[in-house]
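Below you'll find the structure, written out as structure tokens, and then a few comments.
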Amino acid sequence: MLKKIMLLLGFSLILASSYADKNQQKEAKEIKECSNEALINSKYYAAMLWYRNSAEMKALYRQIFSNAEDTISDTIMHENLKPKTWGVALALDATLLDDSGYALQKLNTCNPESIETRYTYETKNTLPATPGAAELSCGIQELGGKVFIVTNRNGGGESGINTMAATIQNLNHNEICYDNVLFANDSTDSNKNPRFNAITSGDYENVISTKQQRATPLIAYFGSNIQDFPNLKQNILHNVNGNNEEFDSFGAEYFMLPNPISGSWQENQLQ
């Protein structure tokens with residue numbers, strides 16, 4: 001009798017183990033299928049493929065940065081600007097740093113965007129520089145300008161301290177030149193205009209930055225979102241004719257980088 005019980009118990013354990021193995025294999029298969037399906041069928045697949053793996057993306061960044069530096073050099077000459085009396089404002093992600101890995105990570109893990117996952121990505125990863133970013137930033141300093149990086153990364157609270165430290169380390173790793181980095185006050189602060197005003201006025205009282213600078217006129221702005229530029233709004237400009245005067249500053253003072261993966265444009269309706 002005892003021998004029969006032991007045999008039945010052993011058989012039950014084998015069945016349970018087999019069932020657990022099959023479940024684990026099924027879960028692993030579902031995760032893999034989820035990742036593959038999410039990536040291939042995502043509406044962002046072509047955009048990410050272009051941004052992360054195309055020669056055109058690299059050429060376009062280099063072209064925009066090179067043309068912009070020439071334009072800035074001409075402005076300095078024509079306006080007889082003295083060294084350290086002017087500056088340039090640049091966005092960070094998708095302008096100086098390639099943060100497209102976060103979008104890819106979301107698809108590969110089938111997880112939606114969140115403040116927590118974004119924070120982890122920014123603080124635990126060393127993002128690569130975009131093509132030509134280091135040359136542009138250091139070239140501006142060589143021309144006599146100050147480089148102000150204005151980012152919507154959250155610099156507020158205890159987590160903000162880690163974000164700021166990781167960001168500075170990432171910039172230094174990529175040998176990107178800068179004089180000051182201005183952060184958002186919290187995770188909902190996407191309005192860069194108060195930070196632009198801090199740079200031009202020298203009043204940093206309500207702004208989180210790596211250091212305070214004297215009032216500095218800005219002669220150029222770089223970004224990958226229409227709202228990276230002073231007083232421009234997606235919900236207004238997306239319906240404005242591209243030949244209107246609202247866009248006259250682009251190519252002269254404003255320089256737009258391509259970002260088909262994320263941005264304020266995602267709230268627009270296809271027409």
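Between residue 238 and residue 67, what length comes free when the chain is fully extended (0.36 nm per residue of separation minus the Cα-Cα distance, one decimal in nm)? That pair, residue 238 and residue 67, stretches by 59.1 nm at full extension. For the range 157-271, the relative contact order comes to 20 percent (Cα pairs under 8 Å, sequence separation of at least 6). Bridges between two residues of the range 50-267, per DSSP, are antiparallel at a rate of about 15%. Measuring between their Cα centroids, the range 245-260 and the range 131-180 lie 21 Å from each other.
Checking every one of the GluC sites (Glu not before Pro) in the range 135-204 against DSSP loop status and a limit of 14 other Cβ atoms within 10 Å picks out 175. Stretching residue 142 away from residue 110 to a fully extended chain increases their span by 7.1 nm, per 0.36 nm per residue minus the current alpha-carbon distance.
None of the figures in this text is laboratory data; all of them are computed from the coordinates on show. Everything numeric here is computed off the predicted structure, so don't read it as measured data. Methodologically, a virtual Cβ is constructed for each residue, glycine included, from the backbone with ideal geometry; neighbour enumeration extends over all protein chains shown.
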